[in-house]
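Taken together, the values in this text are just the output of simple stated rules run on the coordinates, not laboratory data. Because the structure is a prediction, the values reported are computed rather than measured. All Cβ positions, even for glycine, are placed from backbone atoms using ideal geometry, and neighbour counts span all protein chains on display.
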Amino acid sequence: MRLLFLLLTTLFFSAACAPAVSRESMELVDPEFTFEDVIQAPDRHIGRYLLLGGAVVSVRTHNGDRSELEVVQHPSDHRGRITATDRSAGRFILKDDTFRDPNIYRPGRLITVVGQVEGSRTGRIGEFDYLYPVLTVHELRLWAPGDHPDSTRTRFGIGVGIGIGL
């Protein structure tokens, strides 16, 4: 019984520490390479892989088989879990050879991505010109609605709890 408890506890805590993307994708990423590096000189970092978290701003689909996502970057930890949604170092464009349904990848949905820097593109945010770093998706994780990645899902207590979503 004690061994079973120890095993279940270990599995529980190791799942909480798991990366947001696969180990293979994480091996491509240089942990010292940051979004701020890319913002300063996107074309100088072409070909490098970056781990980013953020919130979808918009999705454009092309020919029903490719997508482009505009994303507001949010800080994330070394595992790709977003640590704050009230800060950002900027925006970026994700090019993807997969169709991403705009109804699912709607504005505000949180994602974690390993992407390869492709360069930059000038666009507009409102009335302002903006230089977007452009990345190609290597692996993309869409966080479930309500599953805020920087909040713990661990709850301790005694008794019965009822959750009502409105």
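Per residue of the range 65-73, what does 6.51 cos²θ - 1.76 cosθ + 1.60 with θ = phi - 60° give for ³J(HN,Hα)? Whole Hz please, x for Gly and Pro, Karplus curve as stated.
Per-residue couplings from phi come out as 9, 9, 9, 10, 10, 9, 10, 8, 6 Hz.
Hey, with R₀ at 25 Å, roughly what FRET efficiency would VAL57 and ASP77 work out to, going by the Cβ-Cβ distance, to 0.05? Can you show the working numbers first?
Values: r = 22 Å, r/R0 = 0.89.
The pair VAL57/ASP77 has a calculated efficiency of 0.65.
Work out how much length ASP65 to TYR130 would gain on full extension: take 0.36 nm times their residue separation and subtract the Cα-Cα distance, in nm to one decimal. List each step's numbers first, then the result.
Working: separation 65, 0.36 × 65 = 23.40 nm, distance 2.68 nm.
Length difference between fully extended and current span is 20.7 nm.
Would you please give the FRET efficiency between PHE99 and ILE46, computed as 1/(1 + (r/R0)^6) with r the Cβ-Cβ distance and R0 = 35 Å, to the nearest 0.05?
Efficiency for this residue pair is about 0.85.
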